[in-house]
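Down below is the structure, laid out as structure tokens.
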Amino acid sequence: MTIVREPMWDDAPRTRAQGAFRYLARFLASLGWAARILALSVAAFPSVLCRRSGRADFAAQLYVTGIRTLPVITVVSLFIGMILALQVGLELRRFNQEMYLGAAVMLTLLREMGPFACGISLAACVGSAIAAELGTMTVNDEVAALEIMSISPIRFLAAPRMLALIVMAPILAFYCSVIGTLGGGIVGSTQLGVDFRQYMSSALSIAETKDLFVGLFKAGIFGMIIGTISVSQGFSTTLGATGVGRSTQRSVIVNFLLILMLGYMVTRVFYR
């Protein structure tokens, strides 16, 4: 696969209609580029898992994606659970329904906020790093050197990172839900007068298997999207150091927007 590094258009548009057309064409080209990278990366997954060097790269990316992001994800999920418990608990107190605090926090975290917190954290910590790393390699012609040596950049660089994101995102989303639930229990017991055992009993009794699997499925989609967008932005970087910064910025922005939109769409499909 040849990685194109030259800008598609050099001349400025003469009219607004021409500018709008070029913007649409660039958007469709970027969409097709990202879809192609995703398809080629998925096709390269067996090669990554079958080769010893591929498994080593995959293990290294699992460490980067999972272990190194745990401090950030722990803090984010803990305070999300605490904020949810505080806001929901204050409203439940008005109706003397504090016993349902655990159920409300658990369902919100499993269905939406756990995968959302995981996706946002991975996009900020891992996705931006992937875009910057691959973008630097692209502008320094390291990717071109791999192509000259007949080494596929997709198989060697993109596939291990994308596979690690897809595998680790559901695990981290479940971890976010657990930590967030515990954070909500701390707030409920210390500030809202809800017994911690009652809180956990309510949380565990209301949660269903469907809620868990929908959240894990959503997190897996987020991991795939983060990997695809970050890799595609990195491989399409131009203009040296300035281009690396722009690619990193675009990858974070696009990942955030897609996480929000796809999160709503998946929830709408499974909970009608």
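When the alpha-carbon atoms of the range 107-164 are used, the pair Rg, Dmax equals 15.7, 52 angstrom.
In whole percent, how big is the carbon plus sulfur part of the accessible area of the chain, probe 1.4 Å, protein atoms only? Here it works out to 67 percent. Each 5 Å bin from zero holds the following percent of Cα-Cα pairs in the range 1-148: 2, 7, 9, 12, 14, 12, 11, 9, 9, 7, 5, 3, 1, 0.
Quotient of the Cα radius of gyration of the range 75-151 and 2.2 N^0.38 Å, N being its number of residues: 1.89.
Using the rule -39500 (n - 2.57) for each DSSP H run of four or more residues, divided by the residues of the chain, the 222 nm mean residue ellipticity is -26000 deg cm²/dmol.
Remark: the chain is approximated by an ellipsoid whose semi-axes, taken from the C-alpha gyration tensor as √(5λ), come to 40, 21, 15 Å, largest first. From the residues G188, A144, I229, which one has its Cα farthest along the dipole of the range 117-265 in the positive direction, the dipole being from +1 and -1 charges on Cβ of Lys/Arg and Asp/Glu about the Cα centre? Positive-end residue among those listed: G188. When you count the other C-beta atoms within 10 angstrom of each residue and take the mean per peptide, 184-196, 15-27, 150-162, 219-231 line up highest first as 219-231, 150-162, 184-196, 15-27. For the range 107-207, the Kirkwood hydrodynamic radius comes to 16.4 Å, computed from all pairs of different C-alpha atoms. Just round it to a whole percent: the fraction of Cα-Cα distances in the range 166-272 exceeding 18 Å. Across the range 166-272, Cα pairs with separations above 18 Å total 63 percent. If you average the alpha carbon positions of the range 168-238 and of the range 88-159, how far apart do those two centres end up, in angstrom? Computed from Cα coordinates, the inter-centre distance equals 11 Å. Solvent-accessible surface of the chain, averaged per residue with a 1.4 angstrom probe and all protein chains in place: 52 square angstrom.
The values are calculated or read from the model by the stated rules, or taken from the named source; none is laboratory data. Bear in mind that the values here come from a model prediction, so they are computed numbers and not experimental data. No Cβ is skipped: glycine too gets one built from the backbone with ideal geometry, and neighbour counts run over all protein chains shown. Please note that ligands, DNA and RNA were not included when accessible areas were found on the heavy atoms of the full protein model with its side chains. Shrake-Rupley method; radii C 1.70, N 1.55, O 1.52, S 1.80 Å.
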